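The values are calculated or read from the model by the stated rules, or taken from the named source; none is laboratory data. Since this is a predicted model, take the numbers as computed values, not measurements. Counting neighbours? That spans all protein chains shown, and the Cβs are built from the backbone with ideal geometry, glycine included.
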Amino acid sequence: MLQRYGALSLRCCLAALAAIGLAAPGVSATGAQAQARSTLDPAALVRRAIHLRLQEEKHHRPVEYVLRKKDGDHETTKQIIETRDGDVARLIAINGQALDAVQQKAEMSRLNALAANPESQQKRRRSEEHDAARIDHLVQLLPDSEVYSLEGTVPCGAGECYRLSFVPNPKFNPPDFEAEVLQGFAGDLLIDRSQDRLVRLDAHLVRDVNIGFGILGRVDKGGTILLEQSYEDLAQEWQPTVLKINLQGRALMVKAINIRIDELATDFKPVAAGLGYREAIALLKGSRASTPGS
């Protein structure tokens, strides 16, 4: 899964972390909320939420889930199983329609070919791990790359969340080109009061961001990212459930970038620890595929 920060498009989230600024609904402060603002350190709340995420990642239990992904006008639904060898997926629907007989046969052939080619799965796993490390690097910079303000509390789920607003920190010195994307976003985020977990991040890019002095690329003002996660009872962990990205810009001053992603992860279930990718393929081939809500 987007290595704990997402089953949801790992590479896209790397681009989207260029957009970490949020826009939550306005909330009037009560006396208790005003007191909370004066006694709590907003940056410490963010740092704590990130620390818990990284710690949980080290002890993550593999899960199976359903991922619906819209890319422009094209939508796919996949059943995904996490394994010690990386994630394995089975396509179960296109644009909300179950696969027909020809498509089912092609998908079974693809899974058979993957089972016979461990080198391909190993390459995919190395790519996942590399991208996950890059995301962890950016996430750890968030407490310092933004200036946070505690705006009070709002209802969320069955409890309450702290609502924090933030803007780019003018004193932040990006340690590398990738971290430069953190300099352009502002907005709000929600952190669960009882469990110190990030619940929602709804961000917008408030200015153009140049990467590598503009030579490597540019992300245009107006881009947005929405991330939500929740505690999933069956998986017994916090899981990313929603990712929406809308980013435009240019790479290497020439190639246009237009990322539109809408992903929803549901139906989380635990799977056996130490499950291998071939075992996961056998489970996927033997399962009765169904789309969410069917």
Here are some conditions: (1) surrounded by 16 or more Cβ atoms within 10 Å (Cβ to Cβ); (2) closer than 16 Å to Val46 by Cβ. Arg124 meets all but one. Which one does it not meet?
-> (2)
Working only within the range 142-162, note down all residues that are within 18 Å of Gln195 (Cα to Cα), small (Gly, Ala, Ser) and under 22 Å from the mean Cα position of the chain (by Cα).
-> Gly157
Select, from Ala133, Ala158, the only residue that is surrounded by fewer than 19 Cβ atoms within 10 Å (Cβ to Cβ), within 25 Å of Ala251 (Cα to Cα) and aliphatic (A, V, I, L, M).
-> Ala133
Can you find even one residue in the range 20-42 that is surrounded by 15 or more Cβ atoms within 10 Å (Cβ to Cβ), modelled with pLDDT of 85 or more and more than 29 Å from Phe172 (Cβ to Cβ)?
-> no
When Leu150 is run through (1) closer than 30 Å to Ala251 by Cα; (2) touching a residue at least 12 places away in the same chain (Cβ under 8 Å); (3) hydrophobic (A, V, I, L, M, F, W, C), the failure sits at (1)
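Filter the range 73-88 down to the residues that are assigned to a strand (DSSP E or B) and under 23 Å from Arg260 (Cα atoms) and list them by number. Before the answer, list the steps.
To start, the set of residues in the range 73-88 that are assigned to a strand (DSSP E or B) comprises 74-81, 88.
Scanning the range 73-88 gives His74, Glu75, Thr76, Thr77, Lys78, Gln79, Ile80.
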For His137, indicate whether it is under 24 Å from Arg61 (Cα atoms), in a helix (DSSP H, G or I), under 22 Å from the mean Cα position of the chain (by Cα) and free of Cβ contacts under 8 Å to residues at least 24 places away in the same chain.
-> no
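Quick grid of which residues meet (1) modelled with pLDDT under 50; (2) touching a Leu at 6+ places or on another chain (Cβ under 9 Å):
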position	(1), (2)
Leu10	yes, yes
Arg48	no, no
Pro62	no, yes
Tyr65	no, no
Gly72	no, no
Thr76	no, yes
Asp85	no, yes
Of the numbered conditions (1) in contact with a Leu (Cβ under 7 Å, 6 or more places away or on another chain); (2) over 20 Å from Ile135 (Cβ atoms); (3) at pLDDT 90 or above, Asp100 fails exactly one; give the number of that condition.
-> (1)
Determine, yes or no, whether Asp196 is without any contact (Cβ under 8 Å) to a residue 24 or more places away in the chain and over 20 Å from Asn246 (Cα atoms).
-> no
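Within the range 226-238, is there a residue that is within 22 Å of the chain's Cα centre (by Cα) and surrounded by 21 or more Cβ atoms within 10 Å (Cβ to Cβ)? Before the answer, list the steps.
As a first pass, look at the range 226-238 and keep what is within 22 Å of the chain's Cα centre (by Cα): 226-238.
So of that shortlist, the ones also surrounded by 21 or more Cβ atoms within 10 Å (Cβ to Cβ) come out as 227, 229.
There is at least one residue in the range 226-238 that is within 22 Å of the chain's Cα centre (by Cα) and surrounded by 21 or more Cβ atoms within 10 Å (Cβ to Cβ).
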So, in the range 239-252, of the ones that are hydrophobic (A, V, I, L, M, F, W, C) and surrounded by fewer than 19 Cβ atoms within 10 Å (Cβ to Cβ), which residue ends up farthest from Leu67 (Cα to Cα)?
-> Leu252
Taking the condition more than 30 Å from Asp41 (Cβ to Cβ), in a strand (DSSP E or B) and either touching a helix residue (DSSP H, G or I) at 6+ places or on another chain (Cβ under 7 Å) or modelled with pLDDT under 95 (or both), does Leu91 pass?
-> yes
Select from the range 57-72 the residues that are under 15 Å from the mean Cα position of the chain (by Cα) and either hydroxyl-bearing (Ser, Thr, Tyr) or part of a helix (DSSP H, G or I) (or both) and write down the one among them that is surrounded by the fewest Cβ atoms within 10 Å (Cβ to Cβ).
-> Glu57
